[in-house]
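The structure appears below as structure tokens.
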Amino acid sequence: MNNFLIGVLSLVNQILAVLLIIGGTLSGIAQPMSAYYSVPQPWSYLIDGLLGLIGGLIAAAVVCGTIAAIVTMARELSAIRAHMSIVPVITERRARDGY
């Protein structure tokens with residue numbers, strides 16, 4: 001059950017990252033800084049879209065990077081626990097030889 005929940009969190013994390021990047025880009029395009037110019041500039045949408053993209057990438061890196069680190073730690077701990085539960089088989093000869 002834990003592995004299933006970790007997988008779901010990983011999927012939601014990836015979707016959240018894409019939404020943050022797209023949302024940042026769209027918000028940059030939707031709110032151009034043309035109000036700061038006396039004459040409207042045709043390139044303001046491009047520049048503001050790029051600034052929104054960079055902002056979305058930074059937000060996705062911080063938020064989703066933290067969640068991805070937690071998911072990775074959980075998977076590694078699960079792998080360690082699975083590896084530790086395997087009991088080595090010691091035969092009589094190996095026990096006599098000092099293993």
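The values are calculated or read from the model by the stated rules, or taken from the named source; none is laboratory data. Predicted, not measured: the structure shown is a model, and the values here were computed from it. Note: ideal-geometry Cβ built from the backbone for every residue, glycine included; neighbour counts use all protein chains shown. Heads up: the accessible areas ignore ligands, DNA and RNA and are worked out on the full protein's heavy atoms, side chains in. Shrake-Rupley method; radii C 1.70, N 1.55, O 1.52, S 1.80 Å.
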Original post:
Does Gly56 qualify as being open to solvent by less than 70 Å² (accessible area, probe 1.4 Å), over 16 Å from the mean Cα position of the chain (by Cα), at pLDDT 85 or above and at negative phi?
Top reply: no
Original post:
If the Cβ limit is 6 Å and pairs must be 6+ apart or interchain, which residue in region 52-79 that is more than 15 Å from Gln14 (Cβ to Cβ) pairs with which residue that is of a type in the set (Gly, Ala, Ser) and in a helix (DSSP H, G or I)?
Top reply: Gly52/Gly24; Gly52/Ser27; Gly52/Gly28; Gly55/Gly24
**OP:** Please go through region 12-27 and pick out each residue that is under 11 Å from the mean Cα position of the chain (by Cα) and open to solvent by 40 Å² or more (accessible area, probe 1.4 Å).
**Re:** Val12, Gln14, Ile15, Leu16, Val18
**OP:** Pairs only if they're at least six apart or on different chains, beta carbon under 9 angstrom, first in region 4-30 and in contact (Cβ under 8 Å) with a residue 60 or more places away in the chain and part of a helix (DSSP H, G or I), second among the β-branched types (Val, Ile, Thr) and open to solvent by less than 70 Å² (accessible area, probe 1.4 Å); list them, first residue then second.
**Re:** Ile6/Val71; Leu9/Ile67; Leu9/Val71; Ser10/Ile67; Ser10/Val71
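For the structure I just gave you, tell me whether Ser38 is modelled with pLDDT under 85, part of a helix (DSSP H, G or I), among the small types (Gly, Ala, Ser) and closer than 30 Å to Ile22 by Cα.
Details: modelled with pLDDT under 85: yes; part of a helix (DSSP H, G or I): no; among the small types (Gly, Ala, Ser): yes; closer than 30 Å to Ile22 by Cα: yes.
So Ser38 does not fit the description; no.
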